[in-house]
1. Out of (1) near the ligand (Cβ under 10 Å from one of its atoms); (2) on the phi < 0 side of the Ramachandran plot, the odd one out for Ile195 is which?
2. Of the residues Leu178, Leu164, only one is within 16 Å of the ligand (Cβ to nearest atom) and either in contact with a Pro (Cβ under 8 Å, 6 or more places away or on another chain) or farther than 21 Å from Ile54 by Cα (or both); which?
3. Within segment 86-97, can you find the residues that are under 21 Å from Ser12 (Cβ atoms) and either within 13 Å of the ligand (Cβ to nearest atom) or out of contact with any helix residue (DSSP H, G or I) (no Cβ under 7 Å at 6 or more places or on another chain) (or both)?
4. May I ask you to verify whether Leu103 is within 16 Å of the ligand (Cβ to nearest atom), under 17 Å from the mean Cα position of the chain (by Cα), within 24 Å of Gly211 (Cβ to Cβ) and of a type in the set (A, V, I, L, M, F, W, C)?
5. Scan Val46, Val34 and give me the residue that is β-branched (Val, Ile, Thr) and in a loop (DSSP other than H, G, I, E, B).
6. With segment 65-154 as the region, which helices (runs of 4 or more DSSP H) entirely inside it contain at least 1 residues that are free of Cβ contacts under 8 Å to residues at least 60 places away in the same chain and more than 22 Å from Thr233 (Cα to Cα)?
7. Just need a number here: residues in segment 221-241 that are more than 8 Å from the ligand (Cβ to nearest atom) and either crowded, with 21+ Cβ neighbours inside 10 Å or closer than 25 Å to Val34 by Cα (or both).
Amino acid sequence: MKKTKSSNTVLSRLQELKATNKHQLAVLLDPDKVDRTSLYAQVEKVNEGGADVILVGGSLLLHQQTDEIIRDLKKMTDLPVIIFPGSPMQMSEAADALLFLSLISGRNPELLIGHHVRSAPILKKMDIEVISTGYMLVDGGKPTTVSYITQTAPIPHDKAQIALCTAMAGELLGMKTLYLDSGSGAAWPVPSEMISAVSEHSELPLIIGGGISNGETAFQAANAGAQLIVVGTAFENKPSLLKELAAAVHSCDKIHT
Ligand code: 1GP
């Protein structure tokens, strides 16, 4: 049988990380903030910094350039490129995988199932790995673009039990991974207690992002049980920080072996 990108390569890798207690760092590139002409320099910094994965996505879509950016990216790096879509329009067959996000912490039907109905027929025709993802927004200490755009209340910062029950529901609904996000530029990252509560009671690989701005917060997320740590704003502000973040995330592998 012809091996295609729909062969679950990215999901298998995340599951393997969970099974072996390993951790990876993802850099989030927002197509609205990436200039195609300076992309090469950015990707060099990602490669040099020791990141393992590139996520592409953003809550707004000011410029229709997701597909062009991803095609360019795939020529510049061997790292897996995963779409983290802020809207159903953000898709590209050139990517390795797409996180098919259902905002399970919210009660906005469009973001639970509506967008999915519109994008499913297109995705079914594409040669792309689609990963069903329970997306959970967690209070990051200030309003973020994602909380405003989605018009949903995030899970309170100190309510790990709500996050845990939501994660359990996502798992029982058949989702394959969970993304806990305190939103881009959050003042507080997702708390370690919440990450460990979800990680200990769920078989699903965990993606954590929002407000991770230094080695210490990256380490805490990985050490609490996240497999993939996502960094956007910190990389945009200071690309040289990436080495510290990657070292912090990868140092957890040694602790857990
Ligand atoms: C946001 O998880 C991402 O959806 C990344 O957040 O920009 O704060 O790193 P930051």
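1. Of everything listed in (1) near the ligand (Cβ under 10 Å from one of its atoms); (2) on the phi < 0 side of the Ramachandran plot, Ile195 misses just condition (1).
2. Unique residue meeting the criteria: Leu178.
3. Within segment 86-97, Glu93 is the sole residue that qualifies.
4. yes
5. Val34
6. 66-76, 115-125
7. Within segment 221-241, residues that are more than 8 Å from the ligand (Cβ to nearest atom) and either crowded, with 21+ Cβ neighbours inside 10 Å or closer than 25 Å to Val34 by Cα (or both) number 13.
Values in this text are rule-based calculations from the coordinates and carry no lab data. If you're wondering where the values come from, they're calculated on a predicted model, not measured in any experiment. Neighbour counts are summed over all protein chains in view; Cβ atoms, including those assigned to glycine, are modelled from backbone coordinates with ideal geometry.
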